[in-house]
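See structure below.
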Amino acid sequence: MGLQVIAASSFASGSGAMYLSVGGMLMFVLTFSLGAGPVPGLLMSEILPSNIRAKAISLCLTIHWVINFFVGLLFLRLLEQIGAQLLYTIFGSFCVMAVVFVKKNVLETKGKSLQEIQIAFLPQEDTSTNQ
């Protein structure tokens, strides 16, 4: 998204801006498809309890795709109204916020059983105040 912002700014012009824009979009699609793209489906299947997993995943993925639909529906209108530089800055800001959120709140599940993951999500009791 940073390359998109630079391409839309006055720093780049002509064919340089075009290459930055196309390169930035290709890099975004590649990194998204290898990273954050498949995460909702993969993560939910690991953290949701088995008794509600199917319904919860279908609800969450429905919400995910409805939001994707509205982003696609509104993108051109926003591009015309606020401009490419501001729009890609907003998208890039959301990407940075997503990375910070994941680093702070998403539990690493690699090599853990479903039971270990579910135990990690249980509220921890504070034993220091009970003494």
task: Can you tell me which residue within segment 1-26, out of those that are in contact (Cβ under 8 Å) with a residue 24 or more places away in the chain and not in a helix (DSSP H, G or I), is farthest from Ala98 (Cα to Cα)?
output: Ser9
Looking only at segment 27-37, and only at residues there that are of a type in the set (A, V, I, L, M, F, W, C) and either in contact with an Asp or Glu (Cβ under 9 Å, 6 or more places away or on another chain) or outside any loop (DSSP other than H, G, I, E, B) (or both), the one that is surrounded by the fewest Cβ atoms within 10 Å (Cβ to Cβ): Leu34
message: Just checking, does segment 93-104 include any residue being among the hydroxyl-bearing types (Ser, Thr, Tyr) and in a loop (DSSP other than H, G, I, E, B)?
response: no
- prompt: If we scan segment 96-115, do we find a residue that is closer than 19 Å to Met25 by Cα and touching a residue at least 40 places away in the same chain (Cβ under 8 Å)?
  reply: yes
Positions within segment 38-63 being surrounded by 12 or more Cβ atoms within 10 Å (Cβ to Cβ) and outside any helix (DSSP H, G or I), in sequence order: Leu48
message: All but one of (1) in contact (Cβ under 8 Å) with a residue 24 or more places away in the chain; (2) closer than 30 Å to Ala8 by Cα; (3) in a loop (DSSP other than H, G, I, E, B) hold for Thr89; state the number of the condition that does not hold.
response: (3)
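Each reported figure results from applying straightforward, stated rules to the coordinates on display, with no laboratory input. Values in this document were obtained by computation on a predicted structure and should not be read as measured data. Positions of Cβ are backbone-derived with ideal geometry, glycine not excepted, and every protein chain shown enters the neighbour counts.
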